[in-house]
Amino acid sequence: MLADGVGRLTTTRVAERAGVSVGTMYQYYPHKQALLFALVERQFDLIESAMRDASDRLMGCNLEAIAKGLAMAWLDAKMADVVASRAIYGIAAEFDLSELMSRAARCMTQMIEGLLADAPGTDFADRRSVAFMLAALLGGSVRVVMEAEASEENFACLRRELPKACHAYLTATNRSVVR
């Protein structure tokens with residue numbers, strides 16, 4: 001249904017697809033905005049859960065494994081439902097999602113900061129800033145492709161190149177690396 005665009009989404013269409021009455025639908029989602037906000041929250045929760053799982057798996061790993069693991073986990077989470085992921089960017093333009101976005105950014109930054117703190121052979125001047133920038137690199141790269149050029153070729157390029165970009169950034173900011 002979201003594949004038709006957010007503008008064509010109605011609570012009536014969702015009720016029909018879900019096999020419930022419109023009245024039942026309105027009981028839980030009094031208007032389209034409530035329905036869309038619930039979709040965004042669901043997507044954020046799924047992505048956050050996937051990134052927590054990745055963080056748990058990557059704890060104590062080296063920077064290359066962290067970069068690759070985070071990039072692949074992020075891509076897998078965002079691409080699990082490409083239609084919903086793309087719709088979120090459109091919804092974000094229409095509604096104030098700043099609170100949700102801030103929560104997600106804080107969560108990602110904290111997870112990455114924890115990974116960097118536990119990574120062997122690392123010394124970052126400002127680990128929180130590095131973690132924030134890595135989260136922004138992950139999020140921004142995928143968003144550009146999802147919004148503008150969501151093709152299989154570009155997704156394959158992201159899978160190939162995003163881990164390299166993340167690793168290069170982490171290596172460049174690690175003061176323990178001999179240059």
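The values are calculated or read from the model by the stated rules, or taken from the named source; none is laboratory data. Since the model is a prediction, treat every value here as computed from it, not as a measurement. Virtual Cβ from ideal backbone geometry, glycine too; neighbours counted across all protein chains shown. These area figures cover heavy atoms from the full protein model, side chains too; ligands, DNA and RNA do not enter into them. Shrake-Rupley method; radii C 1.70, N 1.55, O 1.52, S 1.80 Å.
At a glance:
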quantity	calculated
Residues of the range 139-179 that turn out to be among the hydrophobic types (A, V, I, L, M, F, W, C) and either modelled with pLDDT under 95 or over 19 Å from C61 (Cα atoms) (or both), as a count	12
Neighbours by Cβ (under 6 Å, 6+ apart or cross-chain): first from the range 54-77, over 14 Å from E161 (Cα atoms) and aliphatic (A, V, I, L, M); second part of a helix (DSSP H, G or I) and open to solvent by 40 Å² or more (accessible area, probe 1.4 Å)	M59/D118
Scope the range 20-41; condition free of Cβ contacts under 8 Å to residues at least 40 places away in the same chain and either assigned to a helix (DSSP H, G or I) or buried (at least 17 other Cβ atoms within 10 Å of the Cβ) (or both); matching residues	V22, G23, T24, M25, Y26, Q27, Y28, Y29, K32, A34, L35, A38
Criterion violated by R52 - all others in (1) out of contact with any Pro (no Cβ under 7 Å at 6 or more places or on another chain); (2) closer than 23 Å to A172 by Cβ; (3) open to solvent by 50 Å² or more (accessible area, probe 1.4 Å) satisfied	(2)
Residue match in the range 166-178 (condition: within 21 Å of E48 (Cα to Cα) and not aromatic (F, W, Y))	yes
